[in-house]
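Since the structure comes first, as C-alpha coordinates, the remarks are kept for the end.
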Amino acid sequence: MDFTLSEEHEMLRQAVREFTDGAVRPLADQIDAQHAVPRELVDQISELGLMGVAIPEAYGGAGMGETGLCIAMEEITRGDFSVAVTYGAHASIGAMSVLVGGTEEQKQRFLPDFASGAKLACFGLTEAEAGSDAGAMKTTAVRDGDGWVLNGEKVWITGGDIADFAVIYAVTDRAKGAHGGVTAFLVPRDARGYTIGKAEEKMGQRGSSTVTLAFEDVRLGDELRLGEVGQGFRVAMATLDRGRLALGANCLGCAREAQALSVDYANQRQSFGRPIASFQAIQWMLADSAVDLYAMESLVYRTAWLCDAHQPFSRESAMTKLFCSEALDRVVDRAVQIHGGMGYSAEYKIERMYRDARVTRIYEGTNEIQRLVIARDVLKSGA
Ligand code: COS
(Lines give C-alpha, C1' and ligand atoms only; values in the text may rest on other atoms or scores of the structure.)
Protein backbone atom coordinates (compact mmCIF):
# COMPACT_ATOMS: atom_id res chain seq x y z
CA MET A 1 0.00 0.00 0.00
CA ASP A 2 1.43 3.37 -1.00
CA PHE A 3 -0.31 6.59 -0.01
CA THR A 4 2.29 9.02 -1.35
CA LEU A 5 1.29 11.38 -4.13
CA SER A 6 3.37 11.23 -7.30
CA GLU A 7 6.07 13.85 -7.82
CA GLU A 8 3.89 15.33 -10.58
CA HIS A 9 0.93 15.69 -8.22
CA GLU A 10 3.17 17.25 -5.53
CA MET A 11 4.45 19.77 -8.09
CA LEU A 12 0.88 20.55 -9.06
CA ARG A 13 0.00 21.16 -5.41
CA GLN A 14 2.97 23.50 -5.03
CA ALA A 15 2.08 25.46 -8.17
CA VAL A 16 -1.60 25.85 -7.20
CA ARG A 17 -0.61 26.81 -3.65
CA GLU A 18 1.66 29.58 -4.96
CA PHE A 19 -1.10 30.82 -7.25
CA THR A 20 -3.61 30.77 -4.38
CA ASP A 21 -1.28 32.61 -2.02
CA GLY A 22 -0.36 35.24 -4.60
CA ALA A 23 -3.55 35.78 -6.56
CA VAL A 24 -6.61 34.29 -4.82
CA ARG A 25 -6.38 34.79 -1.05
CA PRO A 26 -5.62 38.54 -1.30
CA LEU A 27 -8.86 39.04 -3.29
CA ALA A 28 -11.18 36.90 -1.14
CA ASP A 29 -12.73 39.78 0.84
CA GLN A 30 -13.27 41.83 -2.31
CA ILE A 31 -14.86 38.86 -4.11
CA ASP A 32 -17.31 38.34 -1.24
CA ALA A 33 -18.16 42.04 -0.97
CA GLN A 34 -18.58 42.62 -4.71
CA HIS A 35 -20.33 39.30 -5.37
CA ALA A 36 -18.04 38.59 -8.31
CA VAL A 37 -14.93 36.62 -9.18
CA PRO A 38 -12.79 38.84 -11.48
CA ARG A 39 -12.62 37.42 -14.99
CA GLU A 40 -8.81 37.87 -14.92
CA LEU A 41 -8.64 35.30 -12.12
CA VAL A 42 -10.55 32.78 -14.24
CA ASP A 43 -8.18 33.53 -17.13
CA GLN A 44 -5.17 33.02 -14.86
CA ILE A 45 -6.55 29.60 -13.87
CA SER A 46 -6.77 28.77 -17.59
CA GLU A 47 -3.22 30.01 -18.21
CA LEU A 48 -1.95 27.76 -15.44
CA GLY A 49 -3.46 24.80 -17.32
CA LEU A 50 -5.83 23.95 -14.48
CA MET A 51 -9.04 23.92 -16.53
CA GLY A 52 -7.93 20.66 -18.09
CA VAL A 53 -6.16 19.13 -15.13
CA ALA A 54 -8.41 16.04 -15.19
CA ILE A 55 -8.86 15.91 -18.97
CA PRO A 56 -6.71 13.19 -20.59
CA GLU A 57 -3.67 14.31 -22.56
CA ALA A 58 -5.20 12.82 -25.72
CA TYR A 59 -7.78 15.63 -25.57
CA GLY A 60 -5.36 18.43 -24.69
CA GLY A 61 -5.57 18.14 -20.92
CA ALA A 62 -2.91 17.57 -18.27
CA GLY A 63 -4.04 13.97 -17.69
CA MET A 64 -3.66 14.25 -13.92
CA GLY A 65 -6.98 12.58 -13.21
CA GLU A 66 -9.45 13.24 -10.43
CA THR A 67 -6.53 13.17 -8.01
CA GLY A 68 -5.11 16.22 -9.78
CA LEU A 69 -8.49 17.94 -9.83
CA CYS A 70 -8.97 17.30 -6.10
CA ILE A 71 -5.53 18.76 -5.37
CA ALA A 72 -6.36 21.89 -7.39
CA MET A 73 -9.79 22.22 -5.78
CA GLU A 74 -8.39 21.77 -2.27
CA GLU A 75 -5.66 24.36 -2.75
CA ILE A 76 -7.82 27.00 -4.48
CA THR A 77 -10.54 26.64 -1.84
CA ARG A 78 -7.94 27.45 0.82
CA GLY A 79 -7.80 30.90 -0.75
CA ASP A 80 -11.45 31.39 -1.60
CA PHE A 81 -14.47 29.11 -1.94
CA SER A 82 -16.19 31.24 -4.62
CA VAL A 83 -13.17 31.03 -6.93
CA ALA A 84 -12.94 27.27 -6.44
CA VAL A 85 -16.61 26.76 -7.16
CA THR A 86 -16.43 28.92 -10.30
CA TYR A 87 -13.48 26.78 -11.41
CA GLY A 88 -15.26 23.53 -10.52
CA ALA A 89 -18.46 24.40 -12.40
CA HIS A 90 -16.37 24.09 -15.56
CA ALA A 91 -13.51 21.73 -14.68
CA SER A 92 -15.39 19.33 -12.45
CA ILE A 93 -18.93 18.99 -13.81
CA GLY A 94 -19.23 21.02 -17.04
CA ALA A 95 -16.29 19.63 -18.99
CA MET A 96 -16.54 16.28 -17.23
CA SER A 97 -20.03 15.68 -18.66
CA VAL A 98 -18.42 15.57 -22.10
CA LEU A 99 -15.66 13.24 -20.91
CA VAL A 100 -18.21 10.97 -19.24
CA GLY A 101 -21.00 11.09 -21.82
CA GLY A 102 -19.61 12.35 -25.12
CA THR A 103 -18.74 10.35 -28.23
CA GLU A 104 -15.10 10.09 -29.29
CA GLU A 105 -15.79 12.72 -31.94
CA GLN A 106 -17.33 15.11 -29.39
CA LYS A 107 -14.41 14.63 -27.01
CA GLN A 108 -11.98 15.50 -29.79
CA ARG A 109 -14.04 18.46 -30.88
CA PHE A 110 -14.78 20.07 -27.50
CA LEU A 111 -12.33 18.91 -24.85
CA PRO A 112 -9.17 20.67 -26.14
CA ASP A 113 -10.91 24.07 -25.83
CA PHE A 114 -12.33 23.07 -22.44
CA ALA A 115 -8.87 21.98 -21.31
CA SER A 116 -7.21 25.26 -22.30
CA GLY A 117 -10.06 27.37 -20.95
CA ALA A 118 -10.61 28.89 -24.41
CA LYS A 119 -14.21 27.78 -23.89
CA LEU A 120 -15.98 27.21 -20.59
CA ALA A 121 -18.86 24.87 -19.79
CA CYS A 122 -21.47 24.71 -17.05
CA PHE A 123 -23.79 21.96 -15.86
CA GLY A 124 -27.58 22.35 -16.06
CA LEU A 125 -29.65 19.70 -14.33
CA THR A 126 -31.67 21.44 -11.60
CA GLU A 127 -35.04 23.05 -12.20
CA ALA A 128 -37.39 25.01 -9.97
CA GLU A 129 -39.39 21.87 -9.26
CA ALA A 130 -36.68 19.28 -9.83
CA GLY A 131 -33.92 19.50 -7.23
CA SER A 132 -33.37 16.28 -5.30
CA ASP A 133 -35.84 14.56 -7.62
CA ALA A 134 -33.76 15.39 -10.68
CA GLY A 135 -35.82 13.03 -12.83
CA ALA A 136 -38.87 15.28 -12.42
CA MET A 137 -37.41 17.84 -14.85
CA LYS A 138 -39.78 19.59 -17.27
CA THR A 139 -37.30 20.86 -19.87
CA THR A 140 -37.96 19.10 -23.16
CA ALA A 141 -36.05 18.43 -26.35
CA VAL A 142 -38.26 17.43 -29.24
CA ARG A 143 -37.04 15.89 -32.48
CA ASP A 144 -37.21 18.28 -35.41
CA GLY A 145 -35.95 16.86 -38.68
CA ASP A 146 -32.26 16.02 -38.14
CA GLY A 147 -32.06 17.99 -34.93
CA TRP A 148 -33.87 19.00 -31.76
CA VAL A 149 -35.86 21.89 -30.30
CA LEU A 150 -35.14 22.68 -26.67
CA ASN A 151 -37.57 24.41 -24.28
CA GLY A 152 -37.39 24.93 -20.53
CA GLU A 153 -35.56 26.62 -17.69
CA LYS A 154 -32.71 25.52 -15.44
CA VAL A 155 -31.98 27.19 -12.09
CA TRP A 156 -29.01 27.53 -9.72
CA ILE A 157 -26.53 27.16 -12.55
CA THR A 158 -23.09 28.01 -11.23
CA GLY A 159 -20.95 29.80 -13.80
CA GLY A 160 -23.92 30.04 -16.17
CA ASP A 161 -23.10 33.67 -16.93
CA ILE A 162 -19.55 32.98 -18.15
CA ALA A 163 -20.00 29.57 -19.78
CA ASP A 164 -19.76 29.28 -23.55
CA PHE A 165 -21.63 25.98 -23.45
CA ALA A 166 -24.21 24.58 -21.04
CA VAL A 167 -24.67 20.85 -20.60
CA ILE A 168 -28.45 20.61 -20.45
CA TYR A 169 -30.46 17.57 -19.46
CA ALA A 170 -33.88 17.40 -21.10
CA VAL A 171 -36.79 15.00 -21.41
CA THR A 172 -36.85 13.46 -24.89
CA ASP A 173 -39.44 10.76 -24.21
CA ARG A 174 -41.81 11.40 -21.33
CA ALA A 175 -43.35 7.92 -21.66
CA LYS A 176 -40.03 6.31 -20.77
CA GLY A 177 -39.78 8.24 -17.51
CA ALA A 178 -36.70 9.99 -16.25
CA HIS A 179 -34.33 7.10 -16.53
CA GLY A 180 -34.84 6.16 -20.16
CA GLY A 181 -36.38 9.39 -21.36
CA VAL A 182 -33.75 12.02 -20.51
CA THR A 183 -31.01 13.06 -22.94
CA ALA A 184 -28.01 15.37 -22.49
CA PHE A 185 -27.15 18.21 -24.89
CA LEU A 186 -24.25 20.61 -25.21
CA VAL A 187 -25.95 23.94 -25.83
CA PRO A 188 -23.89 26.88 -27.18
CA ARG A 189 -24.49 30.18 -25.45
CA ASP A 190 -24.90 32.00 -28.74
CA ALA A 191 -27.84 29.81 -29.81
CA ARG A 192 -30.96 31.81 -30.58
CA GLY A 193 -33.48 31.53 -27.70
CA TYR A 194 -30.78 30.96 -25.03
CA THR A 195 -31.23 33.50 -22.20
CA ILE A 196 -29.11 34.03 -19.12
CA GLY A 197 -31.36 35.12 -16.25
CA LYS A 198 -30.95 36.68 -12.86
CA ALA A 199 -28.25 35.81 -10.36
CA GLU A 200 -29.27 34.50 -6.93
CA GLU A 201 -28.44 36.51 -3.81
CA LYS A 202 -26.81 33.96 -1.55
CA MET A 203 -25.79 33.53 2.09
CA GLY A 204 -22.28 32.44 1.16
CA GLN A 205 -20.01 31.75 -1.81
CA ARG A 206 -21.30 35.12 -2.95
CA GLY A 207 -18.62 35.62 -5.56
CA SER A 208 -19.69 32.58 -7.56
CA SER A 209 -22.46 33.52 -9.94
CA THR A 210 -25.52 31.31 -9.82
CA VAL A 211 -28.04 32.06 -12.56
CA THR A 212 -31.10 30.76 -14.35
CA LEU A 213 -30.76 29.63 -17.96
CA ALA A 214 -33.88 29.72 -20.13
CA PHE A 215 -34.34 28.03 -23.50
CA GLU A 216 -37.07 29.04 -25.88
CA ASP A 217 -37.28 27.04 -29.09
CA VAL A 218 -33.51 26.61 -29.16
CA ARG A 219 -32.61 24.56 -32.23
CA LEU A 220 -29.78 22.09 -31.85
CA GLY A 221 -28.10 19.85 -34.38
CA ASP A 222 -27.97 16.18 -33.46
CA GLU A 223 -24.17 16.48 -33.17
CA LEU A 224 -24.76 18.47 -29.96
CA ARG A 225 -26.51 15.52 -28.28
CA LEU A 226 -24.18 14.06 -25.65
CA GLY A 227 -24.31 10.29 -25.58
CA GLU A 228 -27.22 8.10 -26.57
CA VAL A 229 -30.82 9.25 -26.68
CA GLY A 230 -32.40 8.36 -23.34
CA GLN A 231 -29.09 7.93 -21.49
CA GLY A 232 -28.87 11.47 -20.13
CA PHE A 233 -29.83 10.62 -16.56
CA ARG A 234 -26.91 8.20 -16.34
CA VAL A 235 -24.53 10.83 -17.77
CA ALA A 236 -25.75 13.28 -15.11
CA MET A 237 -25.34 10.78 -12.28
CA ALA A 238 -21.90 9.62 -13.42
CA THR A 239 -20.78 13.25 -13.75
CA LEU A 240 -22.09 14.01 -10.28
CA ASP A 241 -20.05 11.10 -8.90
CA ARG A 242 -17.01 13.15 -9.89
CA GLY A 243 -18.53 16.45 -8.82
CA ARG A 244 -19.35 15.17 -5.34
CA LEU A 245 -15.82 13.90 -4.90
CA ALA A 246 -14.33 17.23 -5.97
CA LEU A 247 -16.71 18.97 -3.59
CA GLY A 248 -15.21 16.86 -0.80
CA ALA A 249 -11.85 18.35 -1.81
CA ASN A 250 -13.35 21.87 -1.59
CA CYS A 251 -14.54 21.11 1.93
CA LEU A 252 -11.10 19.79 2.85
CA GLY A 253 -9.40 22.98 1.60
CA CYS A 254 -11.80 25.29 3.43
CA ALA A 255 -11.47 23.23 6.64
CA ARG A 256 -7.66 23.29 6.43
CA GLU A 257 -7.67 27.06 6.13
CA ALA A 258 -10.11 27.44 9.05
CA GLN A 259 -7.91 25.22 11.21
CA ALA A 260 -4.72 27.12 10.24
CA LEU A 261 -6.40 30.44 11.08
CA SER A 262 -7.58 28.98 14.41
CA VAL A 263 -4.09 27.80 15.36
CA ASP A 264 -2.65 31.26 14.58
CA TYR A 265 -5.38 33.01 16.52
CA ALA A 266 -5.11 30.65 19.50
CA ASN A 267 -1.36 31.23 19.72
CA GLN A 268 -1.66 34.97 19.50
CA ARG A 269 -4.81 35.77 21.52
CA GLN A 270 -4.15 36.30 25.22
CA SER A 271 -6.65 35.55 27.94
CA PHE A 272 -6.09 35.27 31.71
CA GLY A 273 -2.50 36.32 31.01
CA ARG A 274 -1.59 33.57 28.54
CA PRO A 275 -2.30 32.47 24.94
CA ILE A 276 -5.66 30.72 24.68
CA ALA A 277 -3.83 27.83 22.91
CA SER A 278 -2.55 26.83 26.35
CA PHE A 279 -6.10 26.05 27.54
CA GLN A 280 -7.34 22.49 27.22
CA ALA A 281 -10.78 23.67 26.02
CA ILE A 282 -9.13 25.18 22.92
CA GLN A 283 -6.72 22.27 22.48
CA TRP A 284 -9.58 19.78 22.38
CA MET A 285 -11.34 21.73 19.66
CA LEU A 286 -8.11 21.82 17.62
CA ALA A 287 -7.64 18.08 18.21
CA ASP A 288 -11.19 17.24 17.11
CA SER A 289 -10.74 19.33 13.96
CA ALA A 290 -7.41 17.62 13.24
CA VAL A 291 -9.20 14.25 13.36
CA ASP A 292 -11.89 15.55 10.99
CA LEU A 293 -9.21 16.85 8.61
CA TYR A 294 -7.39 13.54 8.54
CA ALA A 295 -10.62 11.65 7.84
CA MET A 296 -11.60 14.12 5.09
CA GLU A 297 -8.21 13.85 3.42
CA SER A 298 -8.31 10.06 3.59
CA LEU A 299 -11.77 9.89 2.01
CA VAL A 300 -11.03 12.41 -0.74
CA TYR A 301 -7.78 10.90 -1.96
CA ARG A 302 -8.78 7.25 -1.57
CA THR A 303 -11.94 7.93 -3.59
CA ALA A 304 -9.97 9.89 -6.20
CA TRP A 305 -7.64 6.91 -6.46
CA LEU A 306 -10.63 4.59 -7.04
CA CYS A 307 -11.90 6.87 -9.79
CA ASP A 308 -8.50 7.12 -11.49
CA ALA A 309 -8.10 3.34 -11.24
CA HIS A 310 -11.44 3.00 -13.12
CA GLN A 311 -13.06 1.22 -10.20
CA PRO A 312 -16.67 1.85 -9.09
CA PHE A 313 -16.82 4.83 -6.76
CA SER A 314 -20.44 6.09 -6.67
CA ARG A 315 -21.04 5.04 -3.09
CA GLU A 316 -17.60 6.30 -2.01
CA SER A 317 -18.16 9.63 -3.73
CA ALA A 318 -21.51 10.06 -1.92
CA MET A 319 -19.77 9.14 1.36
CA THR A 320 -16.99 11.66 0.68
CA LYS A 321 -19.45 14.46 -0.06
CA LEU A 322 -21.57 13.61 2.96
CA PHE A 323 -18.74 13.26 5.45
CA CYS A 324 -16.62 16.17 4.21
CA SER A 325 -19.48 18.69 4.13
CA GLU A 326 -20.56 17.75 7.67
CA ALA A 327 -16.96 17.69 8.91
CA LEU A 328 -16.40 21.14 7.38
CA ASP A 329 -19.40 22.44 9.30
CA ARG A 330 -17.88 21.12 12.52
CA VAL A 331 -14.44 22.55 11.75
CA VAL A 332 -15.64 26.05 10.82
CA ASP A 333 -18.02 26.08 13.77
CA ARG A 334 -15.12 25.30 16.13
CA ALA A 335 -13.02 27.92 14.32
CA VAL A 336 -15.67 30.58 15.00
CA GLN A 337 -15.79 29.48 18.65
CA ILE A 338 -12.01 29.69 19.00
CA HIS A 339 -12.05 33.19 17.48
CA GLY A 340 -14.79 34.20 19.96
CA GLY A 341 -16.41 37.55 19.14
CA MET A 342 -13.87 38.06 16.36
CA GLY A 343 -15.19 34.94 14.65
CA TYR A 344 -18.55 36.67 14.33
CA SER A 345 -17.06 39.85 12.94
CA ALA A 346 -17.13 40.44 9.20
CA GLU A 347 -13.59 41.80 9.60
CA TYR A 348 -12.28 38.28 10.09
CA LYS A 349 -12.10 35.70 7.30
CA ILE A 350 -13.65 33.05 9.46
CA GLU A 351 -17.07 34.75 9.33
CA ARG A 352 -17.09 34.44 5.52
CA MET A 353 -15.88 30.85 5.65
CA TYR A 354 -18.69 29.94 8.04
CA ARG A 355 -21.22 31.32 5.52
CA ASP A 356 -19.41 29.73 2.56
CA ALA A 357 -19.47 26.29 4.19
CA ARG A 358 -23.19 25.93 4.80
CA VAL A 359 -24.29 25.21 1.24
CA THR A 360 -21.96 22.22 0.88
CA ARG A 361 -24.55 20.13 2.71
CA ILE A 362 -27.10 21.14 0.07
CA TYR A 363 -25.65 21.43 -3.43
CA GLU A 364 -24.48 18.63 -5.76
CA GLY A 365 -27.16 16.53 -4.05
CA THR A 366 -28.34 17.22 -0.52
CA ASN A 367 -26.83 15.11 2.22
CA GLU A 368 -30.20 13.37 2.53
CA ILE A 369 -29.77 12.25 -1.12
CA GLN A 370 -26.19 11.09 -0.37
CA ARG A 371 -27.55 8.93 2.48
CA LEU A 372 -30.15 7.54 0.09
CA VAL A 373 -27.46 6.66 -2.50
CA ILE A 374 -25.30 5.01 0.19
CA ALA A 375 -28.18 3.11 1.82
CA ARG A 376 -29.40 1.76 -1.52
CA ASP A 377 -25.92 0.42 -2.23
CA VAL A 378 -25.59 -1.05 1.27
CA LEU A 379 -28.91 -2.85 0.87
CA LYS A 380 -28.01 -4.03 -2.64
CA SER A 381 -24.59 -5.36 -1.71
CA GLY A 382 -25.51 -6.54 1.80
CA ALA A 383 -22.69 -4.59 3.45
N1 COS B 1 -23.63 6.37 -12.41
C2 COS B 1 -24.23 5.87 -13.53
N3 COS B 1 -25.56 5.59 -13.58
C4 COS B 1 -26.28 5.80 -12.48
C5 COS B 1 -25.73 6.32 -11.29
C6 COS B 1 -24.36 6.60 -11.29
N7 COS B 1 -23.76 7.11 -10.19
N8 COS B 1 -26.70 6.44 -10.37
C9 COS B 1 -27.83 6.01 -10.95
N10 COS B 1 -27.58 5.63 -12.22
C11 COS B 1 -28.52 5.07 -13.19
C12 COS B 1 -29.17 3.85 -12.57
O13 COS B 1 -28.44 2.68 -12.89
C14 COS B 1 -30.52 3.86 -13.18
O15 COS B 1 -30.50 3.21 -14.43
P16 COS B 1 -31.52 1.98 -14.75
O17 COS B 1 -32.88 2.61 -14.66
O18 COS B 1 -31.11 1.52 -16.09
O19 COS B 1 -31.25 0.99 -13.64
C20 COS B 1 -30.82 5.31 -13.43
O21 COS B 1 -29.59 6.00 -13.41
C22 COS B 1 -31.71 5.89 -12.37
O23 COS B 1 -31.11 5.74 -11.10
P24 COS B 1 -31.98 5.64 -9.80
O25 COS B 1 -32.95 4.49 -9.90
O26 COS B 1 -31.05 5.62 -8.63
O27 COS B 1 -32.81 7.00 -9.85
P28 COS B 1 -33.79 7.65 -8.77
O29 COS B 1 -34.64 8.61 -9.53
O30 COS B 1 -34.45 6.64 -7.92
O31 COS B 1 -32.82 8.43 -7.79
C32 COS B 1 -31.32 10.16 -7.19
C33 COS B 1 -31.86 9.24 -8.25
C34 COS B 1 -32.29 10.59 -6.13
C35 COS B 1 -30.13 9.51 -6.54
C36 COS B 1 -30.91 11.32 -8.11
O37 COS B 1 -32.08 11.93 -8.62
C38 COS B 1 -30.06 12.35 -7.46
O39 COS B 1 -28.84 12.17 -7.34
N40 COS B 1 -30.68 13.49 -7.04
C41 COS B 1 -29.94 14.61 -6.60
C42 COS B 1 -29.63 15.49 -7.78
C43 COS B 1 -28.48 16.39 -7.52
O44 COS B 1 -27.42 15.97 -7.08
N45 COS B 1 -28.69 17.67 -7.83
C46 COS B 1 -27.66 18.61 -7.74
C47 COS B 1 -27.48 19.16 -9.10
S48 COS B 1 -25.91 19.71 -9.47
S49 COS B 1 -25.47 21.15 -8.34
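The values are calculated or read from the model by the stated rules, or taken from the named source; none is laboratory data. For clarity, every value in this text was computed on a predicted model and none was experimentally measured. Cβ atoms come from the backbone with ideal geometry, glycine included; neighbour counts cover every protein chain shown. Protein only, heavy atoms only, side chains kept; ligands, DNA and RNA dropped before computing areas. Shrake-Rupley method; radii C 1.70, N 1.55, O 1.52, S 1.80 Å.
Worth a mention:
- Most tightly packed first, judged by the mean number of other beta-carbon atoms within 10 Å of their residues, the peptides 226-234, 129-137 read 226-234, 129-137.
- Folded to 0 to 90 degrees: helix 280-308 orientation relative to the chain principal axis, Cα: 30 degrees
- Those Cys residues of the chain for which no other cysteine Cβ falls under 4.7 Å: Cys70, Cys122, Cys254, Cys307
- In the context of the full set of protein chains, the chain has a per residue accessible area of 44 Å² (1.4 Å probe).
- Helix 367-381 and the longest principal axis of the C-alpha atoms of the chain enclose an angle of approximately 70°.
- Segment 227-278 versus segment 311-383: alpha-carbon centroid distance in Å: 8 Å
- Here the chain is treated as a Stokes sphere of Kirkwood radius computed over C-alpha pairs; at 37 °C and 0.692 mPa s its diffusion coefficient rounds to 155 µm²/s.
- Candidate cross-link partners of Lys154 among the aspartates and glutamates, defined by an alpha-carbon separation under 15 Å and a same-chain spacing of 8 or more, comprise Glu127, Glu129, Asp133, Glu200, Glu216, Asp217, Glu364.
- For segment 89-96, Karplus couplings with θ = phi - 60° (6.51, -1.76, 1.60), whole Hz, Gly/Pro x: 4, 8, 6, 9, 10, x, 5, 5
- Distances between placed amide hydrogens fall under 5 Å for Thr103 paired with Gly227, all partners being 5 or more residues away or on another chain.
- Amide H to amide H distances under 5 Å link Val167 with Cys122, Phe123, Gly124, Val187, where only residues 5 or more positions off or on other chains count and H is placed in the peptide plane.
- Kirkwood Rh and Cα Rg combined as Rg/Rh, segment 234-381: 1.07
- If you run the Gaussian network model on the chain, springs between alpha carbon atoms under 10 Å, then out of Leu224, Leu150, Leu245 the most flexible one is Leu224.
- Pairs exceeding 29 Å between alpha-carbon atoms, taken from Lys107/Lys349; Lys119/Lys349; Lys107/Lys321; Lys176/Lys380; Lys176/Lys202; Lys138/Lys321: Lys107/Lys349; Lys119/Lys349; Lys176/Lys202.
- Distance between the 7 Å Cα→Cβ label points at Ala287 and Arg358: 3.1 nm.
- Helix 7-19 axis versus longest C-alpha principal axis of the chain: approximately 80°, rounded to the nearest ten.
- Prolate/oblate/rounded label for segment 122-230 (Cα gyration tensor, a/c 1.5): oblate
- Prolate/oblate/rounded call for segment 60-143, Cα gyration tensor, a/c under 1.5 rounded: oblate
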